[in-house]
């Protein structure tokens, strides 16, 4: 836990002026000014929110539409939010809020570059740290396993070693096999450990597992992005000959995810590219409970769960869909899914590995994203694009996903109080 700011006696907080200048104002001074300031600020905020909602949801893009009738949109504002109004209308009453084009983090331009294939690759600034170790997840929904195998459901951290077991045939295994061949032909001996890792991942077994966690260098994801870009470029160059069948679709690595990697474990130059937003430093008491970076190849997925602290989630590359439920309504939905599985109870306060595979993953995904007739009417949704951020209050249930194919997706978040 990092103490960013704390005061004694009269609490101080920051208020942002129209010019974007932050000035410190005593909470006592606001109270002495009377309720007219609060009412005026609330009117401005509600007017802004209403205008944004009237403009409709952001235009949908391929792969962003949800199955069935989509829930209503989360309350939305444009641009950076006034800190005083944020506390009054969002943080204190514990209501979600989407802020469009609100956070242009340095990492967005310093870490990634987009190519004409639509794929992002890492910049030299980021690849300088290719040997840094990160926690990875790899999901194979076509494994047919439906079980977590030897992975302990009580541990949220990746194991020190992993069996990496996937069956044959599997689209993921095919992509991994081609990826390994490409690495052999386009890499030096520095990448021998990665080749050994991919070889282990492609070994067939009688005990397939659809969800794996392991540690590997950042270079694994960097090379996977290059591989997908290369295949997309080759596909774009392929021409159809008259009378010939169309070429097969390109093979992409997917669902390889650096998930929930703590920011304080990043090399110092990378950590500086993700400065703590003002809403996190000044929106609450100034306590930062935790922070994480999320980098991976679409589609990515986080099942329905709740967090014990408020969350500011910022999108950097690609788009993510979020669906939310208020605390009591989410509890009802989660309990109903557990009863259907014959597993009453269970913890959902963190994103755990037990949620990522098997019957529980399928049931939670159907309940939130499918055409579940029992889906609660209080559910809300949002689509976040680069520069957008979202405040998720403490205890609100949420599921987050991206739905592309092999494209890079990047996000960062802070849990704070």
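Throughout, read-outs are computed from the coordinates displayed, never taken from laboratory work. Because the structure is a prediction, the values reported are computed rather than measured. Virtual Cβ from ideal backbone geometry, glycine too; neighbours counted across all protein chains shown.
Once the Cα gyration tensor of the range 374-417 is diagonalised, what are the square roots of 5 times its eigenvalues, in whole Å and ordered largest first, as equivalent ellipsoid semi-axes?
Computed over the range 374-417, the values are 21, 17, 9 Å.
Going by average Cβ neighbours within 10 Å, how do the peptides 318-327, 227-236, 294-303, 180-189 rank, with the highest at the top?
Descending mean neighbour count gives 294-303, 318-327, 227-236, 180-189.
So if each residue of separation counts as 0.36 nm, and I subtract the Cα-Cα distance between residue 101 and residue 132, what length gain in nm does that give?
8.1 nm is the gain from fully extending residue 101 to residue 132.
How would the range 219-323 be classified by its alpha-carbon gyration tensor: rounded, prolate or oblate, with rounded meaning a/c under 1.5 and the a/b versus b/c comparison settling the rest?
Judged from the Cα gyration tensor, the range 219-323 comes out prolate (a/c at least 1.5, a/b above b/c).
Where the convex hull is taken over the Cα atoms of the range 170-286, what is its projected area averaged over directions, in nm²?
Its Cα hull, projected and averaged over all orientations, spans 12.2 nm².
In Å, the Kirkwood hydrodynamic radius of the range 233-294 over pairs of distinct alpha carbons?
Evaluated on the range 233-294, it is 16.3 Å.
May I ask you to derive the FRET efficiency for residue 94 and residue 272 from their Cβ-Cβ distance with R0 = 41 Å, giving the value to the nearest 0.05?
0.85
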